[in-house]
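Scroll down for the structure; my scribbles are underneath it.
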Amino acid sequence: MNLGLQGKTAFVSGSTQGIGYAIAAALAAEGAEVTLNGRDAQRLDAAVERLRSEHPGARVAGFAADFSSADEVARLTEALGQVDILVNNVGLFGLADFASVSDEDWARYFEVNVMSGVRLSRALLGGMLERGSGRIIFISSESGVNVPADMVHYGMTKAAMLAVANGLAKLTRGTAVTVNTVLGGPTFSDGVAASVAVVADAQGLPAEAMKSAIIGQNRTTLLERFIDPTEIANLAAYLSSPLSSATNGAALRADGGVLTGML
């Protein structure tokens, strides 16, 4: 399907691997000019080269920035220029007992997971509104709706992303700019794969067996398997497209059926 993204410019935060990289690859495959982002310059360069090799002819750039630093985000936004598609994907993730999470950790999670999207959107939404078109997508999680007891600090940030996106959408009235959120579910990203490998090695089990055992404990997933990052990327690519013009202010699920309520 031609999503009509030829000639569009896109920026995907946190896109050297996992869901962010998969989204960047999907947009590049559709003809968009994509800027990748990561904290580590070497990993970023490797991701840019990987994407160029996977999609010859694609226009791909990279910009290193740490989203825990407001100054680095400011430097990034000054350098980006016009952006037609902004994907707010970067985020910290981790299991932790509620009582053990310090004020500093709460602030760090909020700074990276929420304020990254706030700062990028604040810098880029105005230009989209002036041009009368654009897309902003927040990559949230089902954990922002059904907050896990062992990830309250993480779920809080994903709920906040939903609120920010919903409010921003109301600023786009009468334009062809849209702001939407993707609610992802248990995804076998690079980080999850690495964690599974470590646990499997510690228990003397094959990684694939450990992967199946972990997802098997999740009795709410209708897929009964991990989601592949490309499955999240497919929805993000659609929301980036003119084909999604009637979808605005929405939270769309790509959660594998974890959220089984009707709404």
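The values are calculated or read from the model by the stated rules, or taken from the named source; none is laboratory data. Source: prediction; values computed, not measured. Positions of Cβ are generated from backbone atoms using ideal geometry, with glycine treated the same way; all protein chains shown enter the neighbour counts.
At least 3 residues that are surrounded by fewer than 23 Cβ atoms within 10 Å (Cβ to Cβ) in each: list the strands (runs of 3 or more DSSP E) lying fully within the range 12-106 that qualify. Give the steps one after another, and end with the answer.
Working: elements: 33-38, 60-64, 85-88.
Passing ranges, in order: 60-64.
For the range 245-258, state whether one or more residues are surrounded by 15 or more Cβ atoms within 10 Å (Cβ to Cβ), more than 20 Å from residue 177 (Cα to Cα) and out of contact with any Pro (no Cβ under 9 Å at 6 or more places or on another chain).
Yes; the residues of the range 245-258 include at least one that is surrounded by 15 or more Cβ atoms within 10 Å (Cβ to Cβ), more than 20 Å from residue 177 (Cα to Cα) and out of contact with any Pro (no Cβ under 9 Å at 6 or more places or on another chain).
Evaluate the following for residue 180: is it out of contact with any Pro (no Cβ under 8 Å at 6 or more places or on another chain), at pLDDT 95 or above, polar (S, T, N, Q) and within 21 Å of residue 91 (Cα to Cα)? Reasoning before the result, please.
Numbers: out of contact with any Pro (no Cβ under 8 Å at 6 or more places or on another chain): yes; at pLDDT 95 or above: yes; polar (S, T, N, Q): yes; within 21 Å of residue 91 (Cα to Cα): yes.
Criteria met by residue 180.
One residue is enough: does the range 219-235 have a residue meeting the conditions more than 26 Å from residue 95 (Cα to Cα), buried (at least 20 other Cβ atoms within 10 Å of the Cβ) and either aromatic (Phe, Trp, Tyr) or assigned by TED's automatic domain parsing to the domain that holds residue 89 (or both)? Full working, then the answer.
Looking only at the range 219-235, we keep the residues that are more than 26 Å from residue 95 (Cα to Cα), and these are 234-235.
Pick out the ones that are also buried (at least 20 other Cβ atoms within 10 Å of the Cβ) and you get 235.
Retained after the next criterion (residues that are either aromatic (Phe, Trp, Tyr) or assigned by TED's automatic domain parsing to the domain that holds residue 89 (or both)): 235.
Yes, there is a match, as at least one residue in the range 219-235 is more than 26 Å from residue 95 (Cα to Cα), buried (at least 20 other Cβ atoms within 10 Å of the Cβ) and either aromatic (Phe, Trp, Tyr) or assigned by TED's automatic domain parsing to the domain that holds residue 89 (or both).
Could you tell me which of the residues 32, 79 is hydrophobic (A, V, I, L, M, F, W, C) and touching a Phe, Trp or Tyr at 6+ places or on another chain (Cβ under 8 Å)?
Numbers: 32 fails: touching a Phe, Trp or Tyr at 6+ places or on another chain (Cβ under 8 Å).
Going through 32, 79 in turn, just one is hydrophobic (A, V, I, L, M, F, W, C) and touching a Phe, Trp or Tyr at 6+ places or on another chain (Cβ under 8 Å): 79.
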